[in-house]
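Each remark here refers to the structure printed beneath this line.
Laboratory data are not the source of any read-out in this text; all were calculated from the coordinates shown. The structure presented is a predicted model; accordingly, all values stated were derived computationally and were not measured. With ideal geometry, Cβ positions are generated from the backbone for all residues, glycine too; neighbour counts draw on all protein chains shown.
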Amino acid sequence: MTPLPADFLLSVVMPVYNEERTLRAIVEAVLAVPLRKELILVDDGSRDHSRAILAELAQLPDVRVLVHEQNRGKGAALRTGFAAARGDVVVVQDADLEYDPAQYPELLAPIRAGVADVVYGSRYLVDPADPSRERDGFVHYLGNRVLTFLSNLFTGLNLTDMETCYKACRREVLAQLDIQSRGFTVEPEFTAKVARLPVRIHEVPIRYRGRRYADGKKIGLRDAFAAVLAIVRYRFGR
């Protein structure tokens with residue numbers, strides 16, 4: 001595998017909306033990854049104590065905090081973070097504890113090997129070394145499978161997890177994407193627009209610890225319907 005250049009920089013973009021319970025822990029986990037990186041936290045109009053916690057975290061080295069005074073949605077937060085990213089590769093990180101930042105090296109591996117420009121971390125690829133890793137609940141699993149199938153149908157890709165948070169890509173690829181979604185439809189939009197580019201897309205298995213609505217999970221049935229419409233929209237339009 002090709003070693004990372006000495007000046008390699010990873011940009012981690014993390015949207016934050018009412019995540020006071022997990023914010024310190026997830027930032028600690030990101031900063032513990034032994035890679036040169038910058039962490040861009042985008043507060044998307046949080047109404048709990050997240051803003052105060054972010055003010056503390058902003059004092060840490062390699063951490064930047066950007067603020068939306070009003071809630072605009074995950075897509076808008078990512079757009080703000082992407083515009084500020086300075087790294088060679090950009091990875092998306094949710095502010096909960098469902099995804100493990102310790103897996104950044106696995107996400108970067110296909111890019112380092114020169115076989116990919118964009119990498120998806122799939123919750124559904126079989127990893128023989130980790131057969132017992134946690135899955136999402138059945139309803140969310142089924143919804144994901146349907147949305148991923150529809151996305152593949154319209155894009156011609158063969159992904160197993162279009163809706164995954166963990167997407168890593170070279171910054172020059174990201175610069176070619178005009179992201180318009182404000183909410184969770186950013187996932188099918190990102191995939192549809194990446195599929196139009198002459199880039200190499202790869203998937204790697206990741207660990208996942210799904211949380212329940214009682215724990216703050218935010219995606220629901222309305223978001224699933226919006227995702228279906230987005231899959232169609234971004235296949236044929238901007």
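With both residues required to sit in the chain, DSSP beta bridges show an antiparallel share near 20%. Positive contributions from Lys and Arg (+1) and negative ones from Asp and Glu (-1), summed over other residues with Cβ under 10 Å from the Cβ of His68, come out at -2.
For the chain, the average shadow cast by the Cα convex hull is 12.4 nm², which is a quarter of the hull's surface.
When Lys37, Lys74, Lys193 are arranged by Cβ crowding within 10 Å, least crowded first, meaning fewest neighbours, the order is Lys193, Lys37, Lys74. Compared with the rule-of-thumb size 2.2 N^0.38 Å for a compact globular protein, the stretch 64-111 has a Cα radius of gyration ratio of 1.31. Under a model in which nothing but the beta-carbon of Lys, Arg (+1) and Asp, Glu (-1) is charged, the chain shows a dipole of about 620 debye around its Cα centre.
Fewest neighbouring Cβ atoms within 10 Å first, the residues Thr148, Thr80 line up as Thr80, Thr148. Which of Thr148, Leu66, Ala230 sits closest to the plus end of the dipole of the chain, meaning its Cα is farthest towards the positive end, when Lys and Arg get +1 and Asp and Glu get -1 on the C-beta? It is Ala230.
For every other residue with a beta carbon closer than 13 angstrom to the beta carbon of Thr155, add +1 if it is Lys or Arg and -1 if Asp or Glu, then tell me the sum. Cβ neighbours under 13 Å give a net charge of +2. Quote to one decimal, in nm, the extra length available between Val228 and Arg112 on full extension: 0.36 nm per residue of separation minus the C-alpha distance between them. Difference between extended and current length: 38.4 nm.
Per residue of the chain, the DSSP helices (runs of n ≥ 4 H) give a summed -39500 (n - 2.57) that works out to -11000 deg cm²/dmol at 222 nm.
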